[in-house]
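The values are calculated or read from the model by the stated rules, or taken from the named source; none is laboratory data. Note that this is a predicted model, so its numbers are computed, not measured. Counting neighbours? That spans all protein chains shown, and the Cβs are built from the backbone with ideal geometry, glycine included. Keep in mind that these areas ignore ligands, DNA and RNA; they rest on the heavy atoms of the full protein, side chains included. Shrake-Rupley method; radii C 1.70, N 1.55, O 1.52, S 1.80 Å.
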Amino acid sequence: MTRVRRFLHRAEFLLARTLIFGIRRASPDRASTIGGTVTRAIGPLLPVSRVADANLRLALPSLNRMQRRRVIAAAWENLGRTVAEFPHLGALRENTPKGPGWSVRNSHILKEAAERGGPVIFVSGHIGNWEIMPLAVARYGLPFASFYRAAGNPLIDGLIRSLRQDAMKMALPNFPKGAQGARQALRHLAKGGHLGILADQKMNDGIEAEFFGLRAMTASAAATFALRYQCPVITGYVRRLGPARLELVVEPMLTIEATADRQSDIARVTQALNDRIESAIRCDPGAWLWLHRRWPKDLMPKPGQRA
């Protein structure tokens, strides 16, 4: 690593630590509101918002330009709130009567899975404050490991890991994305561990499945692992009820049935997972992270094309 890069990494780390210090001095709901207000004002002006607009024109073609702008602004606001709430997650409490906190809808599904024992796979997407899901599920006796893409700055990466561990009050394994991480995850499940996967982003080495009626390369790891170990898959998503007030919606366990055609089974389960994520997004489009390139380039609207 060059001296200049080390300097930039250090400067970035000091800036991030200063911001976290300031966020922690504010109450969780106040921090959430500030974060959401700032990103809602700035985010739609950034070039990446053009990606969000193109995604919306593809996935939700019935929306007009003003409706798309509102969804993009809401997505930026949700992202800002999520980031600002991150340092406060460990302080949030379950089932508070009002104000900051979190709750679980259909918590009986988590209780049943914990009582049953054995491996469980949780699948969700970047919806609402997705960072609360590991903490909430762990409180019901199902702490899960995750796939993790390390930040480019190792100092920032260490800071993120530290914040997550502080919130969880426990250390959980994180597996790198790729073949090595997949092998580690399989060993973890074989020992009866639990695994969490955010399956809503483009995965070039995945399989083709439909998402909003469009072909999209999709990670097949959840389906592959579940079929191998015949373990339950639980899907869910996070609803934002207010500033730093969140609800994890747990959906019914997905039935995993293996046939003699393994590839067909993987495709079927992967499609079922995409369908559930899509359904959650349609309930509140502004809660999803529309900013990444989810669909193939050949499907994207051409620059300057009107809609």
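Here is how the numbers come out for the structure above:
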{"quantity": "Computed label-point distance, nm, for sites Leu299 and Phe21 using a 7 Å Cα→Cβ extension", "calculated": "4.6 nm"}
{"quantity": "Charge dipole magnitude, Cβ of K and R +1, D and E -1 - region 1-90, Cα centre, debye nearest 20", "calculated": "300 debye"}
{"quantity": "Cβ charges +1 (Lys, Arg) and -1 (Asp, Glu), total dipole of the chain, debye", "calculated": "1100 debye"}
{"quantity": "All Cα pairs of region 207-307, percent lying beyond 18 Å", "calculated": "57 percent"}
{"quantity": "Estimated [θ] at 222 nm from DSSP helical runs (n ≥ 4, -39500 (n - 2.57)) normalised by residues in the chain, nearest 500", "calculated": "-15500 deg cm²/dmol"}
{"quantity": "Net +/- balance of residues flanking Gly35 in space, Cβ distance below 9 Å, scoring K and R +1, D and E -1", "calculated": "-1"}
{"quantity": "Set of lysines with alpha-carbon distance to Lys202 below 25 Å, sequence-local pairs under 8 removed", "calculated": "Lys177, Lys297, Lys302"}
{"quantity": "Fraction of accessible area attributable to carbon and sulfur, the chain (%, probe 1.4 Å)", "calculated": "55 percent"}
{"quantity": "Axial C-alpha extent at least 27 Å, average Kyte-Doolittle at least -0.5 - helices from the chain (DSSP)", "calculated": "3-25"}
{"quantity": "Charge-dipole axis of the chain as Lys and Arg at +1 and Asp and Glu at -1 on Cβ define it, positive-most pick from Ala114, His292, Val233", "calculated": "His292"}
{"quantity": "Where the Cα pairs of the chain fall when distances are cut into 20 Å bins, in %", "calculated": "30, 61, 9"}
{"quantity": "Total charge dipole magnitude, region 128-177, about the Cα centre, Cβ charges on Lys, Arg, Asp, Glu only, Debye to nearest 20", "calculated": "80 debye"}
{"quantity": "Gaussian network model of the chain, springs between alpha carbon atoms under 10 Å - residue of Phe144, Phe212, Phe21 with greatest fluctuation", "calculated": "Phe21"}
{"quantity": "Diffusion coefficient, µm² s⁻¹, Stokes-Einstein with Kirkwood Rh over alpha-carbon pairs of region 100-208 at 37 °C and 0.692 mPa s", "calculated": "217 µm²/s"}
